[in-house]
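The structure under discussion appears below in the form of structure tokens.
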Amino acid sequence: MDPPQRGRSGMAAEGLSSVALIERDQNGDTLWVWCYPSVTVELRKLLLRKCRLQEEERPLYNFLYGQHRRTWFYITLTRVEGGSSLDKVTHFCVVLTAKDFNPEKYAVFGRILSRIYETHGSPVPMVEAYISVFTKGTCQSEDNGTFLCRDYDQRKAFMSGSVKDVVLQFGMESVILYTALMLKKRIAVYHPKAEVVLEFSRSLPALVWHRQDWSILQPYVHLTPDEIDALKCVSGYIAGFHEAEVGNRSDLYDVFVNLAENTVSISHSAKEALTLGKLHKEIGQLMVQSAEDSDKTESQVIKDICVKTREILSILSSLSQETGDRDRPTLNLEQLRQKKFPPAAENFLMHLAAAEQMLLT
């Protein structure tokens, strides 16, 4: 069966790629039951691992999500109750893959598909709902409600994390995270509970709101060769782990956030680039003061940080020059040195120019 074509209404789920079903039976066996239209063998193996149904000793979560090689996956778990038509199944997962980051949208859609499957015991009605969302951006739920993709704007997904909580948790050390993100460094986040890692990690890209780039987020990574190889293909990222061994893998991060111990540390190899000075202290104080203001909303805190970011970027712009063969202005390093910034500020601005692709190589 060929995948359907999207309609022209502009309401269709543009990022949606596939839907799959994984089950654990009464014997404890986990099976890849069904998929539409298809996924690669590599992705299928990864999703079987991510759903956790193969690991009886690990806790199960109602909803998990992550990214692998530019494909987002969203996993909704259902524990089968007595009296269901799925009498030989103890748990099943509906897995959606997509090109866009929108956990709230796919959590709701995953629950709708799970309810349909639990009610009918067949994937056929699931396909009908999936195709309806894929082509029209809408479907009816089993509870007579209507699911509409247009209700889940991606900007809302970007704003659903909490920068305030991040800054309140780490105080002045939050500027390390901000600096690492500005310089497009590698951040690893660890906590034994996957949902804690997901909640914290998704907030971090908002510290560099001017980019609005959540593709750097890989919040659910296992220390397996295939996932580590994929991670190492990316120059800068926020990677979330629930395996404590990641703390010993300094080859995977420039900054390590241990949420279980409430610490932030910089790897030896990144200390030069992430040297902090007076400028960073000013940024950190602004972040903390803004986050501690109970009258300020999440968006206002992000705006305060964004205004400071623009001030920093304007310094680079003032020291740059247009070149005919480049899309971006090129930083004049000699002019930067003539400004006689403190060493830490000059170092930061130089590395920031490299991150913003403003340096000739």
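The values are calculated or read from the model by the stated rules, or taken from the named source; none is laboratory data. Being a predicted model, the structure only gives us computed values, none of them experimental. Backbone-built Cβ (ideal geometry, glycine too); neighbour counts: all protein chains shown. These accessible areas exclude ligands, DNA and RNA; they are computed on the full protein's heavy atoms, side chains included. Shrake-Rupley method; radii C 1.70, N 1.55, O 1.52, S 1.80 Å.
Odds and ends about this structure:
- Where ILE131 falls short, out of the listed (1) touching a Pro at 6+ places or on another chain (Cβ under 6 Å); (2) free of Cβ contacts under 8 Å to residues at least 40 places away in the same chain: (2)
- Among the residues making up the stretch 48-81, those that are more than 22 Å from the chain's Cα centre (by Cα) and open to solvent by less than 30 Å² (accessible area, probe 1.4 Å) are LEU53, THR78, VAL80.
- Top-ranked residue of the stretch 108-137 - restricted to ones that are on the phi < 0 side of the Ramachandran plot and touching a Cys at 6+ places or on another chain (Cβ under 6 Å), ranked as most open to solvent (accessible area, probe 1.4 Å): SER132
- If only residues of the stretch 333-359 that are over 21 Å from LYS308 (Cβ atoms) and in contact with a helix residue (DSSP H, G or I) (Cβ under 9 Å, 6 or more places away or on another chain) are counted, the one that is modelled with the highest pLDDT is LYS340.
- Meets criteria (open to solvent by 20 Å² or more (accessible area, probe 1.4 Å) and within 16 Å of VAL33 (Cβ to Cβ)) for SER84: yes
- Subset of the stretch 123-162 (residues that are under 30 Å from ILE305 (Cα atoms) and among the hydrophobic types (A, V, I, L, M, F, W, C)): ALA157, PHE158, MET159
- Of all the criteria given as (1) out of contact with any Pro (no Cβ under 8 Å at 6 or more places or on another chain); (2) open to solvent by 10 Å² or more (accessible area, probe 1.4 Å), the one not satisfied by MET358 is (1).
- Flag if LEU316 is touching a residue at least 40 places away in the same chain (Cβ under 8 Å) and either among the hydrophobic types (A, V, I, L, M, F, W, C) or not in a loop (DSSP other than H, G, I, E, B) (or both): yes
- Check on LYS45, under 21 Å from the mean Cα position of the chain (by Cα), open to solvent by 40 Å² or more (accessible area, probe 1.4 Å) and closer than 28 Å to PHE158 by Cβ: no
- The stretch 87-107: number of residues that are surrounded by fewer than 20 Cβ atoms within 10 Å (Cβ to Cβ) and of a type in the set (A, V, I, L, M): 1
- Residue identified as among the aromatic types (Phe, Trp, Tyr) and closer than 21 Å to SER215 by Cα among PHE63, PHE134: PHE63
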